[in-house]
1. Does region 117-136 contain at least one residue that is in contact with a helix residue (DSSP H, G or I) (Cβ under 8 Å, 6 or more places away or on another chain) and surrounded by fewer than 18 Cβ atoms within 10 Å (Cβ to Cβ)?
2. Scanning region 170-195 for residues that are touching a helix residue (DSSP H, G or I) at 6+ places or on another chain (Cβ under 6 Å) and in a helix (DSSP H, G or I), which turns out surrounded by the fewest Cβ atoms within 10 Å (Cβ to Cβ)?
3. Can you pull out every residue in region 137-169 that is part of a loop (DSSP other than H, G, I, E, B) and surrounded by 18 or more Cβ atoms within 10 Å (Cβ to Cβ)?
4. State all residues of region 157-182 that are more than 19 Å from residue 35 (Cβ to Cβ) and either touching a residue at least 24 places away in the same chain (Cβ under 8 Å) or within 13 Å of the chain's Cα centre (by Cα) (or both); if no residue qualifies, say none.
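Derivation of every value follows stated rules applied to the coordinates shown; laboratory data play no part. For clarity, every value in this text was computed on a predicted model and none was experimentally measured. Glycine also receives a Cβ, built like all others from the backbone with ideal geometry; neighbour counts cover every protein chain displayed.
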């Protein structure tokens, strides 16, 4: 039986923000349509987790200039989140606390990493802090959010997806909605209310 208390942040929970970077926001190299709409709801969740003294982490996409996913190297995307660039920086509109941990994805030319776990210290960091549940928002619903949520579920975390705090690329119309449905089908809880 699910209790309302199960849907509130508690001990053993962490807020995980996926790739809140300049290049995924309006004006960026790979801007998600309406991507800036995630900032206010993410900030509300950040404020809640800060107030409750619970961990906050953010993943950061990172690529060398010759990355395999870039169009000029045969991939599907424009060059984005190049290491050291403005586009790779966390969006300044999002006020992360100084205690937030930034988890960099692998920065190798030959690897495309959509999830925040593969090749990173995310799982190790969460387990060191005895985290069991993740509250996830960020960009983009149908790529890095989807893959991080599915990998988190596979690794045994309970995952809440903050649907007001995600936006999709939607290369094919409806990709974002299908991603939400896929996450829910695997056991993620879709949460549409503010903190």
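1. There is at least one residue in region 117-136 that is in contact with a helix residue (DSSP H, G or I) (Cβ under 8 Å, 6 or more places away or on another chain) and surrounded by fewer than 18 Cβ atoms within 10 Å (Cβ to Cβ).
2. Within region 170-195, the match that is surrounded by the fewest Cβ atoms within 10 Å (Cβ to Cβ) is 175.
3. 140, 157, 168, 169
4. Within region 157-182, 157, 158, 159, 160, 182 meet the criteria.
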